[in-house]
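The values are calculated or read from the model by the stated rules, or taken from the named source; none is laboratory data. What you see is a predicted model; the values in this text were computed from it and never measured. Cβ sites come from the backbone with ideal geometry, for glycine too, and all protein chains shown count toward neighbours. Keep in mind that these areas ignore ligands, DNA and RNA; they rest on the heavy atoms of the full protein, side chains included. Shrake-Rupley method; radii C 1.70, N 1.55, O 1.52, S 1.80 Å.
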Amino acid sequence: MEFALTDEQQMIAETAQAFFGERASSEATREAMERGGFDRPLWTGFSTEMGLAGLALPEAYGGAGLGMIELACVAEAAGAQVAAIPLPGLAMVSAALLAGGSEEQKAEWLPRLAEGSVVPACAAEFVREGSGDLLSGESRFVAYGAHGDLLLLLGQANAWIVDPGAPGVEIETFLTMDQTRPLAALKLAGVRADRLADGAAGRAAALRAGWITLAAEALGGAQAAIDRTVAYSLERKQFGRAIGSFQAYKHRLADRVVDIEQARSAVYWAACALDEGSDEAAIAVHAAKSFAADTFFRCASDMIQLHGGVGFTWEHDAHLFFKRARAIQSALGSGAWHREQVASLVLGEAA
């Protein structure tokens, strides 16, 4: 494995940072929150103008033919700006179709995902009721479920593509803590669905892609939270000195920087392991999701505390980072669950 970004990967990372830095400003994100949490102009720019939606898709389907490392670079840049677009959903639906879709399903959906003409959403815990050709059941907490043009439902052993406008599909939105990542509850009653050719493979690939994307978003958010806090510590003065010069303040920031570097190693180790098909991938993805999410939460919490009173206000962006960090911690498995998976895999290897 190569543990340094190539020149091309570094260029993609810098391009994504520039794009999100310019287009996913705090003002744009807050406007998106008032419109239901989806920054559609940002999505259009991301997918259509920049061509980033198809980064990890094969060239045969209109993508760039790159991998999870490049996707992680983009997700890290999006996370740094708390961008209000369905990036994890895009990664999950794309990966599921690639790994488990039939040729007809790939030909129908992957080019549209690459060009950004459909907004994907993925229900990671769909509970099916009964059996038969028509699908009934429900799923809660589906990110961007009310905005999706293409719904992917992951069951225990199967995966289905569903048209959200089909008869029998009921989508209920509700107020969520992280308003930059709106959730919805889905209920299906006798809906005609298109089952993936290999649902088990699609489900596994979707979850791996989702974990990596969330971990990379968390890494970007953690780094941005600390960068903003350091900048504030050099600007704000108390007793005639910059508050960042006080030892207690510096020690807290130093601890978080160490956490971030460890999270960065975990995220890119996992992305690299997936791209190279390493045996370590199974452990790496769980470790990355758990460690990066917890790191982001600690950095966002410290961001609020170290900004003092202003950090608690609606006008300051600290709450955007804190709420996104808490949402990522809860999404696609808690930290405790992911650590249990790591322990199980390690003990299994030892046995």
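Observations on the model:
- Among A222, A166, A325, the residue with the largest mean-square fluctuation in a Gaussian network model of the chain, with springs joining Cα atoms closer than 10 Å, is A166.
- Solvent-accessible area of the chain (1.4 angstrom probe, protein heavy atoms only): carbon and sulfur portion equals 53 percent.
- Based on protein heavy atoms only, region 213-327 ends up with 43 Å² per residue of surface accessible to a 1.4 Å probe.
- With the charge dipole of the chain set up from +1 on Lys and Arg Cβ and -1 on Asp and Glu Cβ about the Cα centre, the Cα lying farthest toward the positive end among the listed residues T15, L306, P167 is that of L306.
- Annotation: amide H-H contacts under 5 Å for G190 (H modelled 1.01 Å from N, sequence separation of 5 or more, or interchain): L135, S136, G137.
- Net length gained if the chain between S25 and V346 were fully extended (0.36 nm per residue, minus Cα distance): 111.4 nm
- Lysines whose Cα lies under 18 Å from that of K250, excluding same-chain neighbours fewer than 8 positions away: K237
- Å² per residue, accessible surface of region 139-181 at 1.4 Å: 46 Å²
- Under Karplus coefficients 6.51, -1.76 and 1.60, residue-wise ³J(HN,Hα) of region 56-67 in Hz, glycine/proline x: 9, 9, x, 4, 4, 10, x, x, 9, x, 9, x
- Sequence-distant lysines (8 or more away, or on other chains) whose Cα lies within less than 21 Å of K323: K289
- Antiparallel content of DSSP bridges confined to the chain, in %, to 5: 85 percent
- Accessible surface computed residue by residue for region 1-115, with neighbouring protein chains in place and a 1.4 Å probe, gives 41 Å² per residue.
- Residue among G100, G130, G79 with the largest mean-square fluctuation in a Gaussian network model of the chain, springs linking Cα atoms under 10 Å: G130
- Considering only Y144, G65, V93, the residue lying farthest towards the positive end of the dipole of region 60-155 is Y144, judged by Cα position with unit charges set on Cβ.
- Simple Cβ-charge dipole of the chain, Lys/Arg +1 and Asp/Glu -1, about Cα centre, in debye nearest 20: 1280 debye
- Dipole axis of the chain (+1 Lys, Arg; -1 Asp, Glu on Cβ), positive-most option in I243, Q262, A123: I243
- Model label zone, R236; criterion: amide N under 19 Å from point 7 Å along Cα-to-beta-carbon; scope region 300-344: 300-323
- Taken one residue at a time, the phi angles of region 133-149 give Karplus couplings (6.51, -1.76, 1.60, θ = phi - 60°) of 6, 9, 9, 10, x, 8, 8, 10, 6, 8, 5, 6, x, 7, 10, x, 9 Hz. Gly and Pro are set to x.
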